[in-house]
Amino acid sequence: MHSFFIDDIAPAGETLTLAKRESDHLFKTLRARKDDLVELLDGRGSRAEAVVCADRSLRICSVEHTPEPAGKLRLYCAPPRKAKFDVLLKQAAELGVWEIQLVKFERNVSQPEGSDRWQILLQEGCKQSKNPYLPQVHPPVEAAEMLRMIGERRESAWFGAIRTASNAPEHVSDYAWIVGPEGGFTPAEEEEMLKNGVKPLNLGPYVLRLETAAVCGLAVLRQMMTGAEI
């Protein structure tokens, strides 16, 4: 069943219409017909099953709400270049990232170019993975502010490093993955993270691109959150 985003899901029995972009995809690309079933997402936990009507409206058949996850996974990262960020946004949504916080590190080489496209890419990732919660992207903050936020949220935070922390992951609710710029963290940045309780995590013997390190680390932390063996 194909999924589509809509701002507000109507109660069961009512009808609604999709925004132009989603409607074009449903009727022009997928050539939906009367009585076809579709899934609707609002990005805030609600999902609905709807049936296509003759006038191209959708009648809601059922609605359900998925509670917020008990543990949230956040990504703190340097802004990648545009094309790389496009890929990262979709994959982060597929992995169930709750928020993406951009960070100003010393070796950043790219400035974020916020646009409506970010929202579209995140929606595509949610539709692909059936993730009912749309991740939020926040403007860049200084590294010191990032560490303050992590401490305030009491997150189990990790960053990519040559070695891995010897202590086992704690059983906490929220996890954070910190990814630096293409040039890596400075020694001072790594020292400051360690002083603030952020733990090193090794992802292998090779140097990874920012977007690769982001996705790999998120997948490892997702395993940690579910208690799986790494």
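The values are calculated or read from the model by the stated rules, or taken from the named source; none is laboratory data. This is a predicted model, so every value here is computed, not measured. Ideal geometry is used to build each Cβ from the backbone, glycine not excepted, and the neighbour counts take in all protein chains shown.
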Working only within the stretch 1-29, note down all residues that are under 24 Å from Gln119 (Cα atoms) and either free of Cβ contacts under 8 Å to residues at least 12 places away in the same chain or part of a strand (DSSP E or B) (or both).
Ser3, Phe4, Phe5, Leu16, Lys20, Asp24, Lys28, Thr29
Of a type outside the set (Gly, Ala, Ser), surrounded by 19 or more Cβ atoms within 10 Å (Cβ to Cβ) and part of a strand (DSSP E or B) - does that describe any residue in the stretch 109-129?
no
Can Trp158 be described as touching a strand residue (DSSP E or B) at 6+ places or on another chain (Cβ under 7 Å), at pLDDT below 95, closer than 26 Å to Leu208 by Cβ and not small (Gly, Ala, Ser)?
no
From Ala19, Ala32, Ala50, residue being in contact with a helix residue (DSSP H, G or I) (Cβ under 8 Å, 6 or more places away or on another chain) and within 20 Å of Glu124 (Cβ to Cβ)
Ala32
Going by the conditions given, is Ala165 at pLDDT below 95, surrounded by 14 or more Cβ atoms within 10 Å (Cβ to Cβ) and either closer than 26 Å to Val109 by Cα or in the same structural domain as Lys90 (by TED's automatic domain parsing) (or both)?
yes
Those residues of the stretch 19-29 which are over 18 Å from Lys130 (Cα atoms), hydrophobic (A, V, I, L, M, F, W, C) and surrounded by 12 or more Cβ atoms within 10 Å (Cβ to Cβ) amount to Phe27
Give the residue that is surrounded by the most Cβ atoms within 10 Å (Cβ to Cβ), with candidates limited to residues of the stretch 186-214 that are outside any loop (DSSP other than H, G, I, E, B) and either in contact with an Asp or Glu (Cβ under 9 Å, 6 or more places away or on another chain) or of a type in the set (Asp, Glu) (or both).
Leu210
The residue that is nearest to the chain's Cα centre (by Cα), considering only those in the stretch 60-113 that are acidic (Asp, Glu) and farther than 22 Å from Tyr133 by Cα, is Glu113
Ile120 vs (1) over 20 Å from Glu182 (Cα atoms); (2) touching a helix residue (DSSP H, G or I) at 6+ places or on another chain (Cβ under 7 Å); (3) among the aliphatic types (A, V, I, L, M): all pass except (2)
All conditions in (1) of a type in the set (A, V, I, L, M); (2) crowded, with 17+ Cβ neighbours inside 10 Å; (3) modelled with pLDDT under 95 are true of Leu147 except (3)
